[in-house]
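All remarks here apply to the structure that follows.
The values are calculated or read from the model by the stated rules, or taken from the named source; none is laboratory data. Just so we're clear, the structure is a prediction, and the values are computed from it rather than from any experiment. Ideal geometry is used to build each Cβ from the backbone, glycine not excepted, and the neighbour counts take in all protein chains shown.
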Amino acid sequence: MLRFIFVKLARALLTILLVMSFAFIVLRLSGDPAQILLGPDAPQDAVDAFRARWGLEDPLWQQYLAYLKQLAMFDFGVSMRDHSPAIQLVMERVPATLALTIPALMLKICIGIPAGVYAALHRESVADRGVIMLSIFGFTIPSFVLGLVLVLIFAVNLGWLPAGGQDGWHYAILPIATMSIGGIGILARFSRSAMIEVLGQPYIRTAMAKGLPWRDVVWKHALPNAAVPIVTLIGFMVGALIAGAVVVESIFSWPGIGRLIVVSVANRDLAVVQCILLVIAASMVMANLLVDFAYGALDPRLRSARSGK
Amino acid sequence: MNAILQAKGLVQQYTTAKSFFGKASTVRAVDGVDLTAKQGEVLGIVGESGSGKSTLGRMLLGLETPFQGELRYLGQPMPAPHSPEWRKLRAQMQLIFQDPLAALDRRLTIAAQIAEPLEIHGLAADSELDRRVAGLIERVGLRPDQAGRYPHELSGGQRQRVVIARALASNPRFLVCDEPVSALDVSIQAQVVNLLRDLQEGEGLSMVFISHDLKVVRNICDRVAVMYLGRIVEEAPSDQIFSDPRHPYTQALVSSVPKAGTGLRGRIILQGEPPNPAARPSGCAFHPRCRIAAPACAAQVPALEYNDGRLAACLKLQPKLRPAA
Amino acid sequence: MSDTAAIAPPRLIRRIRMKVPALILFAMIWLGGMILVAIFADWLRPYDITAMNLQNRLVPMGTPGHLLGTDELGRDVLSRLLQSIRVSLVIAFCATIISAVFGTTLGFLAAQFRGWVEHLVVALADFQAALPFMIMSLAVLAFFGSSTWLLVCLMGFYGWERYARIARGLAISASAQGYAAAVVQLGAKPSRVYLRHILPNVASTLIVSMTLTFPEIILMESGLSFLGLGVQPPESSLGNMVGFGREYLARAPWIMLAPSFVIVLTTLSISLLGDWLRDRLDPTIR
């Protein structure tokens, strides 16, 4: 078991390292931050000073090694624009993003899974068809369209809710709705098909044949077995908590990570962009790790299969 | 008769996946086999599942590289798998599979599949190709109008005929049939076996016929080798194996074939676990199931030795100890 | 067989009705329309996409001459919409093809060579799956500057790992026992085995996963264009129209609604068609 954990952790670290290296190479290859930040008319000695200040004159591999060394010491660099530590700038924005994404995730789980399970238990009913339709719309309506339509209805036409900004809890309603509606549909569809698959298994028929009450069949046999694939999907959703907010924050002018990355990218603020990528990659990798460990708890078969192989 | 294929000391072993804590273990599927296939002869290889007979067949064709041992085709060593020489050699040696449906591409017509060896080896093109494919279809007893059919539209026996036609397309000299009829209905088996025998006699093909079914083997083979857990335990001309089996394992196998008049009287029922290459018994691998085993059998591995006009590997086969057959 | 030809038409229609649900038929018709628009956009659009008419700014839908109204510069929304459909579809189509070819090739290579090649491909696929793709594209586009071809190539990297996994799995199972091993045994070169035998056999599964990636790529491209990082003016795509229309949400919602409607219907149609195809062609995958 220890080795399993070790291998998983090593892989997670490797993935993060790959993402960071990829980001480093792409970002360094793509242009001269000195030109962008100082403007095309900057005097040459200012440009040189800027380059010397940020180590941009060294060969790329030296920059890369220096960068890795910094990372290893948990030094994520300082913003090229306002010279404050990049990690601090990023962390300041994280709560605002989580304030949208965590409630949205809760809504997805609390509505999506019961709706999917209900649909699976009442196949071909009106509720079932509704779940399918909702999930298809969740999959096909892009968040920027949904967000703008919600703004059009509830802010512009009805005037019930603000169209953007962050000035009180009711400002969060539309962004959260935008984020969760699609996810509810997807999770419902997924839970539905996982449940239907499990309900078709021989052990469910056996449980029914031996006269177990239907309620017990569902709660003791079907749900725990359907949980494994559902947990995988939730893991992806948790991983995307921080990354998923870019478009929605942009629509609603919400001051979170998503806004920060759009602004930093436009400003070519390398340190901040790298730092955001690191935070996002780390959160996705962490979520995957949690899912892997959750499997073991949910499905003893997987655990023994792993140690037996 | 000249040897077309000679195998010496063939060994094949597989490494099982590493377990979580333990080490990787190796399983010997074939454990030191000497075998000669002669020109124009049908050699049967008989054994239960797990005896290594299919692995042996694949090695004889050069589809797998032996872990140890040497293989010579017409006096030349077998080229490495997937090398250009190896590919060229495929035109001369062919395999007939157990499951014809799996061996055929379900998206191509049978004519296209029979034409493949001719195209691959550049043996015919255009109208010559069509003519030869039509000839092959006729030779294996399919109707010309079936040329445009797809494998799933044919019956099992017809599919096996397609596989045979494809194998014969490049005029091979050496054919390995790996359980060619065991997936077919009993009523169809005889037809396919007869077809194989006719083709073999007509072309003077050398053939290795792998089967667990002695009735089928008896019909077609000139010589039979009996395998048990990766080794040959007895090898003799077909008549001798069936009329006078010597090795106790062969005796048990032969006694399970009903004979006209006597039925299954005198049948020897094998006791114990079926052979498992992962847990090989010490000494003579057959001794836990052998009805005449002595303590020495668990200690010493018997060699395959000449014994009364045949090869057999049994410690108890010294003349005075030999049980009456 | 020959006598059915005489009564073919009614039977054909009935057969289509029997086999194709109304929704799928609608999806097919819509997609066919979109493809025609993409091909014939230059002939279909009534105005040039940059033709400004400052007297007719923000004209609402249904105005004669401007069926879908005009935008803030008096440009005809219908003309811009037709052009945007073309741009978005072409980008998504090229990207899907790139992704499918790239992924399938890597998957086949992994299946053919096994060993370290396979480990490398699997590790790359894991990496790709862990990558925050939208964020990464955002960074790449912003730093390299956005060009249509860069956008296509970037989107072409989206989702390749799925094809690679599918192609690898199917090729390995075909080689282990079945027809592929049989053809290798006949002496065929790997190119023949993969192109003539394995590829046609796995094509239906790959096409089904293309119907899954295609709408996702459309959404990704329009999302990036919406943020101002995808297709750049004066060229226009569906997402970029929505992005610019957003400024006039209150005064002229039609600028934004028309392309939104097209995006939703198109991705919906492809998803429906994909689901249906999947059920028909390959009942084994979910």
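Identify all residues within the stretch C:91-117 that are of a type outside the set (A, V, I, L, M, F, W, C) and part of a helix (DSSP H, G or I); write none if there are none.
Residues satisfying the conditions are C:T96, C:S99, C:G103, C:T104, C:T105, C:G107, C:Q112, C:G115.
Output the residues belonging to the stretch C:213-226 that are among the aliphatic types (A, V, I, L, M), at the interface with chain A (Cβ under 10 Å from one of its Cβ atoms) and either surrounded by fewer than 19 Cβ atoms within 10 Å (Cβ to Cβ) or out of contact with any Gly (no Cβ under 7 Å at 6 or more places or on another chain) (or both).
Within the stretch C:213-226, C:I218, C:L219, C:M220 qualify.
Filter the stretch C:246-271 down to the residues that are closer than 30 Å to C:I24 by Cβ and facing chain A (nearest Cβ under 7 Å) and list them by number. Give the derivation first.
Residues of the stretch C:246-271 that are closer than 30 Å to C:I24 by Cβ, as a first pass: C:254, C:256-271.
Listed by number, the residues that qualify are C:M256, C:S260, C:I263, C:V264, C:T267, C:L268, C:S271.
Condition check ((1) within 13 Å of another protein chain (Cβ to nearest Cβ); (2) hydrophobic (A, V, I, L, M, F, W, C)) across all residues:
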position: B:P100; (1), (2): yes, no
position: B:I120; (1), (2): yes, yes
position: B:D126; (1), (2): no, no
position: B:L129; (1), (2): no, yes
position: B:R139; (1), (2): no, no
position: B:R161; (1), (2): no, no
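If you scan the stretch A:290-309, which residues turn out to be buried (at least 16 other Cβ atoms within 10 Å of the Cβ) and modelled with pLDDT of 80 or more?
If the condition is that a residue be buried (at least 16 other Cβ atoms within 10 Å of the Cβ) and modelled with pLDDT of 80 or more, then no residue fits.
Between residues in the stretch B:104-130 that are over 12 Å from C:Y179 (Cβ atoms) and residues that are hydroxyl-bearing (S, T, Y), which pairs lie under 7 Å by C-beta distance while being six or more apart or on different chains?
Sorted first by the residue in the stretch B:104-130, then by its partner, the pairs are B:T109/B:Y150; B:P117/B:S170; B:L118/B:S170; B:H121/B:S170; B:L123/B:S170.
Can you say whether B:S182 is surrounded by fewer than 18 Cβ atoms within 10 Å (Cβ to Cβ) and either modelled with pLDDT of 90 or more or among the polar types (S, T, N, Q) (or both), as far as the supplied structure shows?
Yes, satisfied.
Restricting to the stretch A:238-292, give me the number of residues that are in a loop (DSSP other than H, G, I, E, B) and at the interface with chain C (Cβ under 9 Å from one of its Cβ atoms).
We begin by selecting, within the stretch A:238-292, every residue in a loop (DSSP other than H, G, I, E, B); these are A:240-242, A:252-256, A:268-269.
From what's left, at the interface with chain C (Cβ under 9 Å from one of its Cβ atoms): A:240, A:242, A:268.
Matching residues across the stretch A:238-292 total 3.
Could you grab me the full set of residues in the stretch C:159-188 that are closer than 23 Å to C:I207 by Cα and not in a helix (DSSP H, G or I)?
Answer for the stretch C:159-188, where residues must be closer than 23 Å to C:I207 by Cα and not in a helix (DSSP H, G or I): C:G159, C:G178.
Output the residues belonging to the stretch C:172-201 that are crowded, with 22+ Cβ neighbours inside 10 Å, more than 8 Å from chain B (Cβ to nearest Cβ) and under 28 Å from the mean Cα position of the chain (by Cα).
Residues satisfying the conditions are C:Y194, C:I198.
Could you say whether any residue in the stretch A:200-209 is in a helix (DSSP H, G or I) and facing chain C (nearest Cβ under 9 Å)?
Within the stretch A:200-209, none of the residues are in a helix (DSSP H, G or I) and facing chain C (nearest Cβ under 9 Å).
For residues that are among the charged types (D, E, K, R) and assigned to a loop (DSSP other than H, G, I, E, B), scanning just the stretch C:227-286, find the one that is nearest to C:G69 (Cα to Cα).
Selected residue: C:R251.
Just give me the residues in the stretch B:201-220 being within 17 Å of B:V186 (Cα to Cα) and assigned to a loop (DSSP other than H, G, I, E, B), in sequence order.
Hits for the stretch B:201-220 are B:H212, B:D213.
Taking the criterion of being free of Cβ contacts under 8 Å to residues at least 12 places away in the same chain, away from chain A (no Cβ under 12 Å), over 15 Å from A:V247 (Cβ atoms) and in contact with an Asp or Glu (Cβ under 9 Å, 6 or more places away or on another chain), would at least one residue in the stretch C:229-245 satisfy it? Write out each step before concluding.
If we filter the stretch C:229-245 for residues that are free of Cβ contacts under 8 Å to residues at least 12 places away in the same chain, which is where we start, we get C:233.
Imposing the further condition that a residue be away from chain A (no Cβ under 12 Å) reduces the set to C:233.
Those still in the list that are over 15 Å from A:V247 (Cβ atoms) too: C:233.
Restricting the remaining residues to those that are in contact with an Asp or Glu (Cβ under 9 Å, 6 or more places away or on another chain) gives none.
So far as the stretch C:229-245 goes, no, none of its residues is free of Cβ contacts under 8 Å to residues at least 12 places away in the same chain, away from chain A (no Cβ under 12 Å), over 15 Å from A:V247 (Cβ atoms) and in contact with an Asp or Glu (Cβ under 9 Å, 6 or more places away or on another chain).
Could you look through the stretch A:14-66, keep only residues that are under 23 Å from C:L141 (Cα atoms) and in a loop (DSSP other than H, G, I, E, B), and pick out the one that is modelled with the highest pLDDT?
Ranking the candidates gives A:L56 first.
With at positive phi and touching a Pro at 6+ places or on another chain (Cβ under 8 Å) as the only criterion, which of C:G69, C:G145 stands out?
One residue alone meets the criteria, C:G69.
Just to check your reading of the model, which residue among B:V140, B:V133 is in contact with a helix residue (DSSP H, G or I) (Cβ under 6 Å, 6 or more places away or on another chain), of a type outside the set (S, T, Y), crowded, with 20+ Cβ neighbours inside 10 Å and at pLDDT 90 or above?
Going through B:V140, B:V133 in turn, the sole match is B:V133.
Would you please list the contacts, defined by Cβ atoms under 8 Å and residues six or more apart or on different chains, that run from a residue in the stretch B:36-52 that is among the hydrophobic types (A, V, I, L, M, F, W, C) to a residue that is surrounded by fewer than 18 Cβ atoms within 10 Å (Cβ to Cβ)?
Note: pairs meeting the criteria are B:A37/B:A3; B:A37/B:Q6; B:V42/B:R197; B:V42/B:D222; B:L43/B:D222; B:V46/B:H212.
Please work out if C:Q83 is in contact with an Asp or Glu (Cβ under 9 Å, 6 or more places away or on another chain), in a helix (DSSP H, G or I) and either at positive phi or in contact (Cβ under 8 Å) with a residue 60 or more places away in the chain (or both).
Details: in contact with an Asp or Glu (Cβ under 9 Å, 6 or more places away or on another chain): yes; in a helix (DSSP H, G or I): yes; either at positive phi or in contact (Cβ under 8 Å) with a residue 60 or more places away in the chain (or both): yes.
So C:Q83 passes the test.
Given the options B:L195, B:L184, B:L214, name the one that is in contact with a Lys or Arg (Cβ under 8 Å, 6 or more places away or on another chain) and in contact (Cβ under 8 Å) with a residue 24 or more places away in the chain.
The unique qualifying residue is B:L195.
Under 6 Å between Cβ atoms, at least 6 apart or on separate chains: pull out the pairs that start in the stretch C:126-146 with a residue that is within 8 Å of chain A (Cβ to nearest Cβ) and end on any residue that is of a type in the set (S, T, Y) and not in a helix (DSSP H, G or I).
These pairs meet every condition: C:F143/A:S30; C:F144/A:S30.
Quick one: which helices (runs of 4 or more DSSP H) sit completely within the stretch B:26-108 and have at least 3 residues that are surrounded by fewer than 19 Cβ atoms within 10 Å (Cβ to Cβ) and over 19 Å from the mean Cα position of the chain (by Cα)?
B:84-89
For C:G65, only one of the following conditions fails: (1) of a type in the set (G, A, S); (2) modelled with pLDDT of 90 or more; (3) surrounded by fewer than 18 Cβ atoms within 10 Å (Cβ to Cβ). What is its number?
With (1) of a type in the set (G, A, S); (2) modelled with pLDDT of 90 or more; (3) surrounded by fewer than 18 Cβ atoms within 10 Å (Cβ to Cβ) applied to C:G65, the lone miss is (2).
So that you can scan it fast, the table gives a plain yes or no per residue for (1) closer than 14 Å to C:I166 by Cα; (2) in contact with a strand residue (DSSP E or B) (Cβ under 8 Å, 6 or more places away or on another chain); (3) crowded, with 18+ Cβ neighbours inside 10 Å:
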{"residue": "C:L106", "(1), (2), (3)": "yes, no, yes"}
{"residue": "C:L109", "(1), (2), (3)": "yes, no, yes"}
{"residue": "C:G115", "(1), (2), (3)": "no, no, no"}
{"residue": "C:L131", "(1), (2), (3)": "no, no, yes"}
{"residue": "C:S137", "(1), (2), (3)": "no, no, yes"}
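Please report, ordered by residue number, the helices (runs of 4 or more DSSP H) entirely within the stretch A:99-196 with at least 2 residues that are within 12 Å of chain C (Cβ to nearest Cβ), surrounded by fewer than 17 Cβ atoms within 10 Å (Cβ to Cβ) and free of Cβ contacts under 8 Å to residues at least 24 places away in the same chain. Talk me through it step by step, then tell me what you get.
Values: elements: A:113-121, A:126-140, A:143-150.
Passing ranges, in order: A:126-140.
Residues of the stretch C:118-155 being touching a helix residue (DSSP H, G or I) at 6+ places or on another chain (Cβ under 6 Å), in a helix (DSSP H, G or I) and more than 30 Å from C:P234 (Cβ to Cβ), which ones?
C:E118, C:V121, C:A125, C:F127, C:Q128, C:A129, C:A130
Only one of (1) assigned to a helix (DSSP H, G or I); (2) touching a Gly at 6+ places or on another chain (Cβ under 7 Å) is not met by B:L184, so which one is it?
Of the numbered conditions (1) assigned to a helix (DSSP H, G or I); (2) touching a Gly at 6+ places or on another chain (Cβ under 7 Å), the odd one out for B:L184 is (1).
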